[in-house]
1. Restricting attention to region 79-103, report how many residues are buried (at least 20 other Cβ atoms within 10 Å of the Cβ) and part of a loop (DSSP other than H, G, I, E, B).
2. Could you tell me whether region 104-120 includes any residue that is of a type in the set (D, E, K, R) and surrounded by fewer than 15 Cβ atoms within 10 Å (Cβ to Cβ)?
3. List the residue pairs whose Cβ atoms are under 9 Å apart, where the first residue sits in region 131-152 and is more than 18 Å from residue 85 (Cα to Cα) and touching a residue at least 60 places away in the same chain (Cβ under 8 Å), the second is of a type outside the set (S, T, N, Q) and assigned to a helix (DSSP H, G or I), and the two are 6 or more positions apart or on different chains.
4. Filter region 85-99 for residues that are free of Cβ contacts under 8 Å to residues at least 60 places away in the same chain, in contact with a helix residue (DSSP H, G or I) (Cβ under 8 Å, 6 or more places away or on another chain) and not hydrophobic (A, V, I, L, M, F, W, C) and give the result.
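Nothing in this text is a laboratory measurement; each read-out follows from the coordinates by a stated rule. Remember, it's a predicted structure, so these values are computed and weren't measured experimentally. We place every Cβ from the backbone using ideal geometry, glycine too, and count neighbours over all the protein chains shown.
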Amino acid sequence: MIFSVIKKIAFAGLFLSLLLSCDENRKKSNVIAAKQTILDTAQTAIIIEDTVVNTVVIDTIIKKADSIPLKTPVFAPKTDALALVAFAKTLLKTPYVYGGKDPQTGFDNAGFISYVFNHFGVVVPTSTASFSNVGRPIPLTEASAGDLILFSRSDSTKKVIGYIGITTTEKGMPIEFIYATSGKVKGVTISPLNSYYQKRLIAVRSLFK
């Protein structure tokens, strides 16, 4: 009988030991699962962060690309050149304002040119230096109403564009052009292509094919 009791106690101890062992294994499994969850969360965070960084980088690249002058020439094949010149003339005597792009406050040189062309849905650069690839180059003898005439600020040997005008006369006529000047007039005016401007002439470019 004593032996039977001892045997039962031994079995009970073994069973308790097994229970404790299972509980310990369960705890270890829970710890492992928790660690795996933490790792998965960390990996997800890294992926999200990497996606955000890449998006910011791509967005920055696009914004930088937008600030670079287009290499593709700009044309205005459907624009009526005479209508464009007529509209430009309605802006005569608008005051010159550095950086100006609005007839209510004033224009600078490039601001005036871009305002006139934008009115007809033609997007052109907003800085004079970027007009070297606008339209196509044509001989001075071919210049007609609506063409762009490009000048340097000193002489034509220096190929840096200083200011731009829009020709107002038809082909074969003595050339005149309208532009915004910071000179004596200090505003939008029309000037003839005299010897003063001929010395500074860089090119004539046409947006009309």
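1. Total satisfying the criteria: 2.
2. Among the residues of region 104-120, not one is of a type in the set (D, E, K, R) and surrounded by fewer than 15 Cβ atoms within 10 Å (Cβ to Cβ), which makes the answer no.
3. Partner pairs satisfying both residue conditions: 131/110; 131/113.
4. Within region 85-99, just 99 meets the criteria.
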